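Data first, discussion second: the structure below is written as structure tokens.
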Amino acid sequence: MNKLGVMLRLYPDTDIFEEMKKVHDIGCDCCQIAVWDMELYSDEKAAEFTEASKKYGVEISTLWAGWSGPRDWNFTAGPAARGIVPQAYRLNRIEELIRGADFAAKLGTTRLATHAGFLPENMNDPQYADIIAALRHVAKACKARGLNFLFETGQETPVTLLRVIEEIGMDNVGINMDTANLILYGKANSADAITVFGKYVMDTHIKDGFYPTNGKELGPEVKVGEGLANIPEVVRHLREVGYTGNYIIEREIKGDQQTKDIVDTLEYLKKVLA
């Protein structure tokens, strides 16, 4: 049975027990934890999460590992700023992802996910081989810690992501499928993308949105059910490829409206999965 969960973001002032209680109280079984501040990769935080997870019966599905430096979410500055694709940040961010892998192992989860960046569509790109080598290095570090290494979808077409996974050539490499990002970046129809790379999907972000309407900015994210992600079709396709993993709700706004939208999406998902 698929478990339903939400994305939690860890900040220095996060009350971990309170956040895990909220996850439990709205009726979720699991969560992903997103960390952008490397100073939070501590034994103390890992112990808190482990204790809170046991107390409230909430599984930690995946650690979503960020990195330091710029992270522009657009088509202008984004390609030179995101993930380990930009050469200027690559070595440092590889080290940060491996620190994230250490933290994930302490949490007891089996998956580390991230945005790798705007992966080259062209295999003859001068940086392509070095990017593959860097990603393979991270995947090997994850494997040594008992983890799968997951690409979050978004910046690349499904066939490019499929090719990169094949090039890495390791059995612990997979996909965290964000059902909105493929649309927000104008890269694919979410359900159809599963036809290309579905066998590699190991976790999800259930999100919704619209295609870009100009060449510089991403399309807008919206509440699940109000955009073009077509979650019922996504679920149908995932079932066809044998996916039995979690469905993690992500809503990229803040405050009371975020909570309301997450609760509404939870009920929506229950009906879709019934």
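Cross-linked pairs K106/K199; K3/K55; K22/K271; K54/K143; K140/K271; K45/K187: Cα-Cα separations exceed 29 Å for K140/K271; K45/K187. What distance in nm separates the two pseudo spin-label positions at T213 and D171, each 7 Å out from Cα along the beta-carbon direction? In this crude spin-label approximation the distance works out to 4.9 nm.
Rounded to the nearest whole Hz, the Karplus-based 3J(HN,Hα) values (6.51 cos²θ - 1.76 cosθ + 1.60, θ = phi - 60°) of segment 105-113 follow the sequence 4, 5, 6, x, 7, 10, 9, 10, 10, with x at glycine and proline. Considering only A144, V224, Q155, the residue lying farthest towards the positive end of the dipole of segment 4-273 is A144, judged by Cα position with unit charges set on Cβ. Residues considered: G209, G117, G225. Largest GNM mean-square fluctuation over the chain, using C-alpha springs under 10 Å, is found at G225.
Looking at segment 4-273, the DSSP beta bridges with both ends there are about 5 percent antiparallel. Around the amide H of G174, modelled in the peptide plane, lie the amide H atoms of F149, L150, F151, all under 5 Å away and 5 or more residues distant in sequence or on another chain. Taking the chain as a Gaussian network, Cα atoms linked when under 10 Å apart, which of R82, R163, R111 shows the biggest mean-square fluctuation? Sorting by GNM fluctuation, first place goes to R163.
Amide H contacts of W64: I33, A34, V35, A113, each under 5 Å away and 5 or more positions distant or on a separate chain (H built 1.01 Å from N in the peptide plane; Pro and chain starts excluded). Dividing the helix sum by the residues of the chain, where each DSSP H run of 4 or more adds -39500 (n - 2.57), gives a mean residue ellipticity at 222 nm of -13000 deg cm²/dmol. Under 5 Å between amide hydrogens, built in the peptide plane, is the criterion, and for E59 it picks out C30, C31 among residues at least 5 positions away or on other chains. For the chain, dividing the convex hull volume of the Cα atoms by the residue count gives 120 Å³ per residue.
Taking θ as phi - 60° and the Karplus parameters 6.51, -1.76 and 1.60, the scalar couplings of segment 36-42 work out to 10, 9, 4, 5, 7, 7, 10 Hz in sequence order, x denoting glycine and proline.
May I ask you to derive the FRET efficiency for A88 and K271 from their Cβ-Cβ distance with R0 = 51 Å, giving the value to the nearest 0.05? Taking R0 as 51 Å, the efficiency between A88 and K271 is 0.65.
Working note: Karplus 6.51/-1.76/1.60 with θ = phi - 60° gives segment 76-93 the couplings 8, 8, x, x, 8, 10, 9, x, 9, 5, x, 4, 4, 10, 4, 4, 5, 6 Hz, where Gly and Pro are set to x.
Every read-out reported here was derived from the displayed coordinates using simple, explicitly stated rules and does not represent laboratory data. From a predicted model like this one, the values you see are computed outputs, not experimental measurements. FYI the Cβ positions are ideal-geometry reconstructions off the backbone, even for glycines, and counts take in every protein chain you see.
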